[in-house]
Amino acid sequence: MRVGVHINRFDHAGGGAVLGAELAAAGAAAEAAGVSWLSVMDHYFQMEFNDRAEDPMLEAYTTLGFLAGHTSTVRLGALVTGVTYRHPGLLAKIATTLDVLSGGRATLGIGAAWYDREHQGLGVPYPSTAERFERLEETLRICLQMWDPEANGPFEGKHYRLAETLCVPAPVSSPRPEIMIGGGGEQKTLRLVARYADACNLIVSSPEQARHKFDVLRRHCDTEGRDYDAIRKTIVYTGEPATHGDLDAFTQDITGYTKLGIDTVILGPRTGEPAGWIERFAGPTVQRMAGLD
C-alpha cells in the first residue's frame, strides 16, 4: 500500500506571500519521502467542516501546474474536481496541459460536486443532484472522446454540445490520463466508476465500510463487464492518528485495510504548513507501510 498526501489547507502563518515557497517545499518533501501521490482540493472557498469558508483557498489547477514544475516523480491530481466548475471541453484541455507539462503525471479526479455555498457565492450554476450526475457522465464521455486521437468530431449530449473535440497536443500519458472518480454513492457514483474510471477514491471511516463499498463496486463491475481488479483503489484516511502524528496508532489502525486491495492511502494534513508535516509524519509512514505489505 502506497502513501499519498492531500494538501487541503493554505492558512500558512506567513500569509499568501509565502504559499509558493511552502508548496515548493511540500513537493520536494513528498518526493524525498517516497510519497506516490500529491493532490489538492478543487474548491473556491475553504470547506466549512475544515474550518471556515473565509480561510485561504487556491485554485486547483493553477496550484497543480505549480507543483508540476517543482516535482518530477509524484502523481498529481485534484481530489476531486466538481463537474460544475468548468465546461468539460475546457476541463479536458486543462487536464491535458497538466499531463503534458508534468511528463505524464496527471490524474483527472472528478465528482458530482456538492458545495452549494461556493457555487452561489461566485454565481456558478448549481443544478439538482440528478442533473449533476447526468453532467458528470457526459463530461467523462467528452474527456474520453477528446483523448482519443481518432475521435475528433461533434459531441451531442443532453447538457453539452461540442462542434469539435480537438485536443492538441495530445496527453503524454498512454493511452490517456488516468480518470479517478471520487465518492462512495452506491447507486450512481460507483456505477460510473465501473463504467468509466481507472481509479476510485473513497472517504471511509473503517475497514468494514471500505469492504462494503468495494463489494458494491465489484457488483457494478460484473454488470458492466469490467475487470474489478483493473480499477485502482484509493482511500482518504481520516483517523485522528495522522492528524496528531501518532505513527504507532496509525499503523495499528491502517492494518485492517491492508487486505482489501487498496493501492494508496491518502493522508490529509490539517495544517497550512504541509512540508514539515510530510517530513515528520508522511516519510516515516511510507517506510512503515512498506513493512505491512
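The values are calculated or read from the model by the stated rules, or taken from the named source; none is laboratory data. All values derive from a computational prediction rather than experimental measurement. Every residue, glycine among them, receives a Cβ derived from its backbone with ideal geometry; neighbour counts consider all protein chains shown. Ligands, DNA and RNA are excluded from the accessible area calculation, which covers all protein heavy atoms including side chains. Shrake-Rupley method; radii C 1.70, N 1.55, O 1.52, S 1.80 Å.
For residues that are in contact with an Asp or Glu (Cβ under 9 Å, 6 or more places away or on another chain) and over 23 Å from Leu190 (Cβ atoms), scanning just the stretch 108-125, find the one that is least open to solvent (accessible area, probe 1.4 Å). Among them, the one singled out is Val124.
Residues checked against (1) under 21 Å from Leu192 (Cβ atoms); (2) of a type in the set (Asp, Glu):
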| residue | (1), (2) |
| --- | --- |
| Ala33 | no, no |
| Arg52 | no, no |
| Glu59 | no, yes |
| Thr63 | no, no |
| Ser102 | no, no |
| Ala112 | yes, no |
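Pairs linking a residue in the stretch 88-107 that is open to solvent by 20 Å² or more (accessible area, probe 1.4 Å) to a residue that is among the aromatic types (Phe, Trp, Tyr) and outside any loop (DSSP other than H, G, I, E, B), with Cβ atoms under 9 Å and 6 or more positions apart or on different chains, are Ile94/Tyr61; Thr97/Tyr61. Within the stretch 238-281, if we keep just the residues that are basic (Lys, Arg) and over 21 Å from the mean Cα position of the chain (by Cα), the residue that is farthest from Ala30 (Cα to Cα) turns out to be Lys259. Within the stretch 1-48, restricting attention to residues that are of a type in the set (D, E, K, R), assigned to a helix (DSSP H, G or I) and modelled with pLDDT of 95 or more, the residue that is most open to solvent (accessible area, probe 1.4 Å) is Glu31.
The rows are residues; the columns are (1) open to solvent by 20 Å² or more (accessible area, probe 1.4 Å); (2) aliphatic (A, V, I, L, M).
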| residue | (1), (2) |
| --- | --- |
| Leu166 | yes, yes |
| Arg176 | yes, no |
| Glu186 | yes, no |
| Leu190 | no, yes |
| Ala210 | no, yes |
| Ile235 | no, yes |
| Asp246 | yes, no |
| Lys259 | yes, no |
| Arg270 | yes, no |
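Show me the strands (runs of 3 or more DSSP E) found entirely inside the stretch 174-293 where at least 1 residues are of a type outside the set (Val, Ile, Thr) and free of Cβ contacts under 8 Å to residues at least 60 places away in the same chain. If you could, list the steps in order and put the result at the bottom.
On the way: elements: 178-182, 199-204, 232-237, 264-267.
In the stretch 174-293, the matching strands (runs of 3 or more DSSP E) lie at 199-204, 232-237.
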